[in-house]
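To keep things clear, I will list the structure first and then write my remarks on it.
The values are calculated or read from the model by the stated rules, or taken from the named source; none is laboratory data. Note that this is a predicted model, so its numbers are computed, not measured. With ideal geometry, Cβ positions are generated from the backbone for all residues, glycine too; neighbour counts draw on all protein chains shown.
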Amino acid sequence: MATLTVNIRKARYGDIPALHRVERVSFTEHYPMSFMEEIYMTHPNSFLVAELDGVIVGYVIAVLRTPSVGHILSVAVAPPYRRRGIGRMLVEAAVEDLWKRGASKVQLEVRVSNRPARSLYRSLGFKTTGIIPAYYRDGESAYTMVRHLPPPRKNLAYTHPNYLGNNTNT
Ligand SMILES: CC(C)(COP(=O)(O)OP(=O)(O)OC[C@H]1O[C@@H](n2cnc3c(N)ncnc32)[C@H](O)[C@@H]1OP(=O)(O)O)[C@@H](O)C(=O)NCCC(=O)NCCS
């Protein structure tokens, strides 16, 4: 496969329409763009985007619920760019960012039928902790998943020090 140079960076407010386009083609139940704008206004540091040749091809929204609990609200990669490691980079970068901001654990919900996402999260150390019946509007249940993080230590690189910079994924 050709070498991809993916840049994971904090989102700017002006990125929201592009990010929302990725959201539209990735989910059956959507966040309205106004909702994304609202989250951005209240949690401006919580959005990361994946850029490929200057084009936004993925995003993750991960907020601090409490000073020590992070929550991944949404992650998506545009269909043509899937299975190239970009989703993994985004979730890793979000977890690293939450850890740097003080999180000792990160939680999320995922559709029980969403095998790709469940497999991604499992491969990144998330464990299934429960099920929320009829969590989604269409009646589907969600698994809750949690990853516990190590205590912060000075001068200790956490995962991939290149995240939030330029990444090369072959
Ligand atoms: C889930 C999603 C973000 C993964 O993005 P991606 O860039 O394709 O993921 P990656 O290429 O980084 O894959 C990482 C791992 O995820 C798992 N995975 C990803 N796609 C998969 C698929 N179609 N089937 C099975 N496992 C899959 C694998 O474990 C994979 O590791 P591997 O390539 O070593 O086998 C993407 O499929 C997506 O946007 N889906 C729609 C939105 C969504 O469901 N978001 C999650 C909501 S909870």
**Prompt:** Restricting the search to segment 53-89, which residues are in a strand (DSSP E or B) and among the polar types (S, T, N, Q)?
**Reply:** T66, S74
**Prompt:** Somewhere in segment 42-50, is a residue modelled with pLDDT of 95 or more, near the ligand (Cβ under 8 Å from one of its atoms) and hydrophobic (A, V, I, L, M, F, W, C)?
**Reply:** no
**Request:** Would you point out the residue of segment 74-89, among those that are under 18 Å from M145 (Cβ atoms) and surrounded by 18 or more Cβ atoms within 10 Å (Cβ to Cβ), that is farthest from the ligand (Cβ to nearest atom)?
**Result:** S74
**Prompt:** Among Y81, Y31, Y13, Y40, which is the only one that is touching a residue at least 40 places away in the same chain (Cβ under 8 Å) and among the hydroxyl-bearing types (S, T, Y)?
**Reply:** Y31
**Counted residues, segment 90-124 - those being near the ligand (Cβ under 6 Å from one of its atoms), touching a Ser or Thr at 6+ places or on another chain (Cβ under 9 Å) and assigned to a loop (DSSP other than H, G, I, E, B)** = 0
**Filtered residue count, segment 1-36, keeping only those that are part of a helix (DSSP H, G or I), under 16 Å from V75 (Cα atoms) and not aromatic (F, W, Y)** = 12
**Asked** For segment 139-170, how many residues are part of a loop (DSSP other than H, G, I, E, B), modelled with pLDDT of 95 or more and within 14 Å of the ligand (Cβ to nearest atom)?
**Response** 2
**Request:** Select from segment 49-73 the residues that are within 8 Å of the chain's Cα centre (by Cα) and closer than 18 Å to T144 by Cα and list them in ascending order.
**Result:** V60, I61, A62, I72, L73
